[in-house]
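Dumping the structure here so I can ask a few things about it.
The values are calculated or read from the model by the stated rules, or taken from the named source; none is laboratory data. Keep in mind that what you see is a predicted model, and the values were worked out from it rather than measured. Heads up, the Cβs are rebuilt from the backbone with ideal geometry, glycines too, and the neighbour counts pull from every protein chain shown.
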Amino acid sequence: MHFMSKFSISRRLFAENYDDFTLHIFTDASAYAYATCAFRCEFKGQVTVKLIAAKARLAPMKKSTIPRLELLGAALGARLAETVDSILRTASKTYFWCDSMVILSWIKKKEPWNTFVGNRVKEIRDLTNIDDWRHVPGEVNPADLATRCCDWSDLLQSKWWEGPSWLYNDEESWPCSEVSKTPDEAFLERRKTVVTNLATGNEVRFGDRFLYFSSYKKIL
C-alpha cells in the first residue's frame, strides 16, 4: 500500500461562490466490465474539472456482445446523472459521452429494436435528453480506465481525476461527430417483422357445386 502516499486528491468539490457548472457523463465497456464516470466542469475565471462520481459493473456471466455491454454502460451513466443531479445543485447543462456510434444510433434513432436494446433505450430516453448524447473518441474517453485492469502507476498518470484535456477548452473545440448514418451493426438488434400470407383457393364455379351437394338448398 506504499503507493497510496503518491496520490493527492483535493477534497473540495466546489469553489467558493461558484456560479455555473456543467456535468459530463462518460460511459464505456469492455468484455470484462462496463462503467461510467461523472465530471463537473466549473467556469469562474478559469476552467476547473473534477471527478465527482463513478460506477463500474462486471459484465454478466452470460456472454454478450460489446455493443450490448456498452448500452448497459450508457444506462448506468443515465442513472448516475440522475443521482448526481439530485444531490448537487442543478447543472446548467449535462453532456453524455460515448465512444460507440452503434449505441448513439440506438439512443437517437426511433427503430423497433429488440427487447434487450429497446428496454434500455427507453430507460435512457426517460432519464436523459437524447440531444445531449455525443460521440467521443475512445482514446480520450476516461471511462475506459474503469472497464479494464490497471496498476497504480497507470491510475496515477491517467486523466481519471481531472478529465480529458479538451474539457478545459471552449466547446467549439470539443469532439464533434454526428450520427449521420446508422451503422450496419446496429440493425442486428432490430426487431424482426414476420409477414404471413394467407393463400385461398379459387372460388368453386356454381355449376361444380352440383358435384359436391345433394341438396338444392345447400347449393344455394
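If you go through the range 95-107, how many residues are farther than 9 Å from residue 182 by Cβ and either among the basic types (Lys, Arg) or over 9 Å from the mean Cα position of the chain (by Cα) (or both)?
Of the residues in that region, 2 qualify.
Only one of 74, 54 is in a strand (DSSP E or B), closer than 16 Å to residue 141 by Cβ and small (Gly, Ala, Ser); which?
54
Hey, among 120, 134, 125, which residue is within 14 Å of the chain's Cα centre (by Cα), part of a helix (DSSP H, G or I), crowded, with 16+ Cβ neighbours inside 10 Å and of a type outside the set (A, V, I, L, M, F, W, C)?
120
Could you please let me know if residue 111 is farther than 16 Å from residue 23 by Cβ, over 12 Å from the mean Cα position of the chain (by Cα) and not hydrophobic (A, V, I, L, M, F, W, C)?
Judged against the criteria, residue 111 is a match.
Follow-up question, since we're still on this one. Does residue 80 meet the test of being within 16 Å of the chain's Cα centre (by Cα) and in contact (Cβ under 8 Å) with a residue 24 or more places away in the chain?
yes
Sticking with this structure for a sec: When the residues of the range 182-220 are narrowed to those that are modelled with pLDDT of 80 or more and in a loop (DSSP other than H, G, I, E, B), which ends up surrounded by the fewest Cβ atoms within 10 Å (Cβ to Cβ)?
191
Among the residues of the range 154-164, count how many are free of Cβ contacts under 8 Å to residues at least 24 places away in the same chain and either in contact with a Gly (Cβ under 6 Å, 6 or more places away or on another chain) or small (Gly, Ala, Ser) (or both).
Matching residues across the range 154-164 total 1.
Could you grab me the full set of residues in the range 70-91 that are touching a strand residue (DSSP E or B) at 6+ places or on another chain (Cβ under 6 Å) and over 28 Å from residue 31 (Cβ atoms)?
91
Take the residues in the range 122-177 that are of a type in the set (A, V, I, L, M) and in contact with a helix residue (DSSP H, G or I) (Cβ under 8 Å, 6 or more places away or on another chain), then tell me which one is nearest to residue 53 (Cα to Cα).
143
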